[in-house]
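A.B. asks: Got a structure for you, questions after.
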Amino acid sequence: MAKDILSLIQREMPGFSKGQKRIANYILTSYDKAAFMTANKLGQTVDVSESTVVRFAAELGYDGYPAMQRTLQEMIRNKLTAVQRIQVSNDRLAHQDTLSTVIQADVENLRLTLEEVDRRAFDQAVQAILRAKRVYILGVRSSSALANFMTFYFNLILENVTLVNTISTSELFEQIFHIGQEDVFIGISFPRYSRRTVRAMRFAKDRGAINIAITDSDLSPLCELADYTLMARSDMASFVDSLTAPLSLVNALIVAVSREKNDELAETLGRLEKIWDEYGVYQKTE
């Protein structure tokens, strides 16, 4: 419904009350701002009651105002420039305690992710990784932090993991040139979605590999290319997206794979501990 909400509002406009029409007109002209307003704030902006805003969302077929708000956010997040994100975040954080607001938003992202993640897709993704001849992992820009984190731990568990570097598009394809039907490609991307990740996933799909997408919404271009989609909320707090819930999802994926490789992992870590001690890798404390 996210792609159609504006046309839905326009279609239903004749049947709205005067107050609802004020809400509708504001959303149609300023949806980038409305998407991040509370029901109370939106009501104050167009001079209607909060209950009128809530009824407006229900009139459109949403299960409450938060559901309509999330739809608007999903529609625009990939369209906002960094400057627009700063403007929106300034409006959201005005006169609020930044530390509390950001942490509470992260807690909400974690809660929604736990509620909404596809458990069957998660389990199937774990099994696909375990069966893979080779696992390729790609994350661009801020998502590279998630890709690096996942690769670091998967390399302790598995012997077949490749972190795809993204210095240039041509080098990207050179690194995944040999991908095939026995392999798994993990693409990680959040708004604004990376074209390089989308292109790499399309290449992997064309070569018959299993694609696993880690993203935030069914509107993500990664979804149509994925065999298994794992979604995590990354609603923005400022010009950056929160990676708290995505990192937690990645962590869960690593732990699930490690549990299936428990004996091998214990042996690997035991050998590594001896090497670390022998070569003084870690500083010992008194």
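A.B. asks: Which one is surrounded by the most Cβ atoms within 10 Å (Cβ to Cβ), of the residues in the range 4-53 that are β-branched (Val, Ile, Thr) and not in a helix (DSSP H, G or I)? Talk me through it step by step, then tell me what you get.
C.D. replies: Residues of the range 4-53 β-branched (Val, Ile, Thr): 5, 9, 23, 27, 29, 38, 45-46, 48, 52-53.
Okay, now just the ones that are also not in a helix (DSSP H, G or I), so 38, 48.
On the way: 38: 14, 48: 21.
My answer is 48.
A.B. asks: For the range 140-180, what are the residues that are more than 19 Å from the chain's Cα centre (by Cα), open to solvent by less than 30 Å² (accessible area, probe 1.4 Å) and touching a residue at least 60 places away in the same chain (Cβ under 8 Å)?
C.D. replies: Across the range 140-180, the qualifying residues are 154, 157, 158.
A.B. asks: Another question about this same structure. Can you name the residue in the range 216-243 that is at pLDDT below 95 and hydroxyl-bearing (Ser, Thr, Tyr) and, of all such residues, is most open to solvent (accessible area, probe 1.4 Å)?
C.D. replies: This residue is 238.
A.B. asks: Separate question: Just need a number here: residues in the range 100-125 that are out of contact with any strand residue (DSSP E or B) (no Cβ under 6 Å at 6 or more places or on another chain) and crowded, with 20+ Cβ neighbours inside 10 Å.
C.D. replies: 2
A.B. asks: Would it be correct to say that residue 159 is part of a loop (DSSP other than H, G, I, E, B), modelled with pLDDT under 95, out of contact with any Lys or Arg (no Cβ under 7 Å at 6 or more places or on another chain) and not β-branched (Val, Ile, Thr)? Before the answer, list the steps.
C.D. replies: Details: part of a loop (DSSP other than H, G, I, E, B): yes; modelled with pLDDT under 95: yes; out of contact with any Lys or Arg (no Cβ under 7 Å at 6 or more places or on another chain): yes; not β-branched (Val, Ile, Thr): yes.
Judged against the criteria, residue 159 is a match.
Results for (1) of a type outside the set (A, V, I, L, M, F, W, C); (2) at pLDDT 70 or above, shown as yes or no for each residue.
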{"site": "61", "(1), (2)": "yes, yes"}
{"site": "95", "(1), (2)": "yes, no"}
{"site": "102", "(1), (2)": "no, yes"}
{"site": "105", "(1), (2)": "no, yes"}
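A.B. asks: Would you mind stating whether residue 254 is among the hydrophobic types (A, V, I, L, M, F, W, C), modelled with pLDDT of 95 or more, surrounded by 17 or more Cβ atoms within 10 Å (Cβ to Cβ) and in contact with an Asp or Glu (Cβ under 7 Å, 6 or more places away or on another chain)? Step through it out loud before you land on a result.
C.D. replies: On the way: among the hydrophobic types (A, V, I, L, M, F, W, C): yes; modelled with pLDDT of 95 or more: yes; surrounded by 17 or more Cβ atoms within 10 Å (Cβ to Cβ): yes; in contact with an Asp or Glu (Cβ under 7 Å, 6 or more places away or on another chain): no.
No.
A.B. asks: So which residues in the range 148-207 are farther than 30 Å from residue 271 by Cα and of a type in the set (D, E, K, R)?
C.D. replies: 171, 174, 192, 195, 196, 199, 202, 205, 206, 207
A.B. asks: Here are some conditions: (1) open to solvent by less than 40 Å² (accessible area, probe 1.4 Å); (2) over 25 Å from residue 110 (Cβ atoms). Residue 199 meets all but one. Which one does it not meet?
C.D. replies: (1)
A.B. asks: Quick check on my filter: what residues within the range 109-122 are in contact (Cβ under 8 Å) with a residue 12 or more places away in the chain, outside any loop (DSSP other than H, G, I, E, B) and charged (D, E, K, R)?
C.D. replies: Taking the range 109-122 and keeping what is in contact (Cβ under 8 Å) with a residue 12 or more places away in the chain, we get 109-110, 112-113, 116-118, 121-122.
When the remaining residues are screened for being outside any loop (DSSP other than H, G, I, E, B), the result is 109-110, 112-113, 116, 121-122.
Hit for the range 109-122 is 116, nothing else.
A.B. asks: Shifting gears a bit: Taking the range 210-264 only, how many residues are without any contact (Cβ under 8 Å) to a residue 40 or more places away in the chain and touching a Leu at 6+ places or on another chain (Cβ under 7 Å)?
C.D. replies: Of the residues in that region, 3 qualify.
A.B. asks: Go through the residues of the range 202-211 one by one and say whether even a single one is of a type in the set (Phe, Trp, Tyr), in contact with a strand residue (DSSP E or B) (Cβ under 6 Å, 6 or more places away or on another chain) and surrounded by 15 or more Cβ atoms within 10 Å (Cβ to Cβ). Quick ask: steps written out before the conclusion?
C.D. replies: If we filter the range 202-211 for residues that are of a type in the set (Phe, Trp, Tyr), which is where we start, we get 203.
In the following step, the residues that additionally are in contact with a strand residue (DSSP E or B) (Cβ under 6 Å, 6 or more places away or on another chain) were identified as none.
The answer is no; no qualifying residue exists.
A.B. asks: So, in the range 186-241, of the ones that are basic (Lys, Arg) and over 21 Å from residue 76 (Cα atoms), which residue ends up farthest from the chain's Cα centre (by Cα)?
C.D. replies: Here the answer is 207.
The values are calculated or read from the model by the stated rules, or taken from the named source; none is laboratory data. Bear in mind the structure is a predicted one, so any value in this text is a computation, not a measurement. Positions of Cβ are generated from backbone atoms using ideal geometry, with glycine treated the same way; all protein chains shown enter the neighbour counts. All accessible areas refer to the heavy atoms of the entire protein, side chains included, with ligands and DNA or RNA removed. Shrake-Rupley method; radii C 1.70, N 1.55, O 1.52, S 1.80 Å.
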